[in-house]
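Engineer: If you scroll down you'll find the structure; I have some questions about it.
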Amino acid sequence: MILASHLNLTLRDGYQSLPVLQDITIHIKKGEWIALTGANGSGKSSLVRTFNGLLIPSSGHLTAAGLDLRYAESRSAVKRSIQLVFQNPEAQSIGSTPEEDVAFGLENRGISREEMKARTLNALRQTGLGHKAGAPVSELSGGERQRLAIACCLALEAEMIIFDEATSMLDPVSRKEIFELSRELWRRGVTVLWVTQRMEELAAADRVAVMDHGRLVYDGDPRTLFYDSGLPAALSWEDSPVIGIGRMMRENGWPSDLLPLTEQQLEEALCRYS
Ligand SMILES: Nc1ncnc2c1ncn2[C@@H]1O[C@H](COP(=O)(O)OP(=O)(O)OP(=O)(O)O)[C@@H](O)[C@H]1O
């Protein structure tokens, strides 16, 4: 789905050149659910914006959804198959109702009115917004607005959806719902790149990529990242209480596949051995 090789991106900040991405090589396969993390300013958003042609790398090679993004036509085509859901729920809708908003994205795509209507209502139903199709967008909650952004991606039949800290402005219940929706879409074949700083979301991933100062510094499973890589300490990440307990468990001979990343995993591990 994404084949990035030795990507560099330099942006201008006044008179200064800022190396935002440095020598990034990553391969994301079709059908994966992968998490991307890193401190604020480490380059996560810049990286994912190169994947759907919003930012153009200064050098390196990038293929996304089978398109070579050196070419302007490829960059405009990739925006259809790889969609981004951003952090701010307020900033993503154009239409005055969800139905209008989703349909807006389908205009100029050579689709008949009937098909547009069917795709729109289907996408709204899949995201749990069927009953709000005609409601004013201004009356939707933050979680509903993120669902609407996802409905737009579905109507466009996106092959990959990139969630760029898409739940960071939501309450815990909506956050969990959007996260679960991303998992559901993934089970149905959508490739998902989930940008997050939340431990429980990293713990759910089979594969976690970590950015630091514009570089990709880790690409592997979350348990190895937190217990064996030494990276959290090198990046001055604070150990969560659960990881602290997990380290003690390891010193006491617990098998490494039971070392917990989340409170739930800790409870499960303790239940199994108590
Ligand atoms: N348009 C721009 N012009 C100049 N510098 C930029 C621009 N966009 C981002 N940067 C800089 O690039 C670096 C990486 O920013 P980016 O937003 O990609 O990081 P991030 O990891 O997504 O951060 P956050 O978690 O805060 O969203 C930062 O130093 C940022 O200030």
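The values are calculated or read from the model by the stated rules, or taken from the named source; none is laboratory data. From a predicted model like this one, the values you see are computed outputs, not experimental measurements. Methodologically, a virtual Cβ is constructed for each residue, glycine included, from the backbone with ideal geometry; neighbour enumeration extends over all protein chains shown.
Engineer: When only residues in the range 37-94 that are free of Cβ contacts under 8 Å to residues at least 24 places away in the same chain and crowded, with 20+ Cβ neighbours inside 10 Å count, which is nearest to Thr10 (Cα to Cα)?
Structural biologist: Only one residue fits best here, namely Leu69.
Engineer: Follow-up question, since we're still on this one. Looking at the range 247-262, which of its residues are over 27 Å from the mean Cα position of the chain (by Cα) and of a type outside the set (S, T, N, Q)?
Structural biologist: Across the range 247-262, the qualifying residues are Arg247, Met248, Met249, Arg250, Glu251, Gly253, Trp254, Pro255.
Engineer: Oh, and also: What's the total number of residues in the range 175-203 that are of a type outside the set (D, E, K, R) and either within 16 Å of the ligand (Cβ to nearest atom) or without any contact (Cβ under 8 Å) to a residue 40 or more places away in the chain (or both)?
Structural biologist: 11
Engineer: Tell me, which helices (runs of 4 or more DSSP H) lie completely within the range 24-130 with 1 or more residues that are within 29 Å of Pro222 (Cβ to Cβ) and not polar (S, T, N, Q)?
Structural biologist: Here the list reads 44-51, 72-81.
Engineer: Further question: Look at the range 245-266 and say how many of its residues are over 14 Å from Phe226 (Cα atoms) and in a loop (DSSP other than H, G, I, E, B).
Structural biologist: Adding up the residues that qualify gives 4.
Engineer: Moving on to the next point. Going through the range 208-233 one residue at a time, which ones are within 18 Å of the chain's Cα centre (by Cα), within 19 Å of Arg247 (Cα to Cα) and not acidic (Asp, Glu)?
Structural biologist: Scanning the range 208-233 gives a single hit, Pro222.
Engineer: A further question on this structure: Given the conditions (1) free of Cβ contacts under 8 Å to residues at least 40 places away in the same chain; (2) within 13 Å of the ligand (Cβ to nearest atom), and given that His213 satisfies all but one, which numbered condition is not satisfied?
Structural biologist: That leaves (1) as the condition not met.
Engineer: Quick check on the range 10-23. Is at least one of its residues within 16 Å of the ligand (Cβ to nearest atom), under 22 Å from Ser81 (Cα atoms), modelled with pLDDT of 95 or more and not polar (S, T, N, Q)? Steps first, please.
Structural biologist: Keep residues of the range 10-23 that are within 16 Å of the ligand (Cβ to nearest atom), which gives 10-23.
Filter once more, so that each one left must be under 22 Å from Ser81 (Cα atoms): none.
Within the range 10-23, not a single residue is within 16 Å of the ligand (Cβ to nearest atom), under 22 Å from Ser81 (Cα atoms), modelled with pLDDT of 95 or more and not polar (S, T, N, Q).
Engineer: For the range 24-31, state whether one or more residues are near the ligand (Cβ under 10 Å from one of its atoms) and surrounded by 16 or more Cβ atoms within 10 Å (Cβ to Cβ).
Structural biologist: no
Engineer: Go through Val48, Val78 for me and flag whichever is under 27 Å from Leu106 (Cα atoms), out of contact with any helix residue (DSSP H, G or I) (no Cβ under 7 Å at 6 or more places or on another chain) and near the ligand (Cβ under 10 Å from one of its atoms).
Structural biologist: Val48
Engineer: OK, next. What do you reckon, is Ala65 within 16 Å of the ligand (Cβ to nearest atom) and not hydroxyl-bearing (Ser, Thr, Tyr)?
Structural biologist: no
Engineer: In addition: Can you tell which of Val78, Val102 is within 26 Å of Gly66 (Cβ to Cβ) and touching a strand residue (DSSP E or B) at 6+ places or on another chain (Cβ under 8 Å)?
Structural biologist: Working: Val102 fails: touching a strand residue (DSSP E or B) at 6+ places or on another chain (Cβ under 8 Å).
It is Val78.
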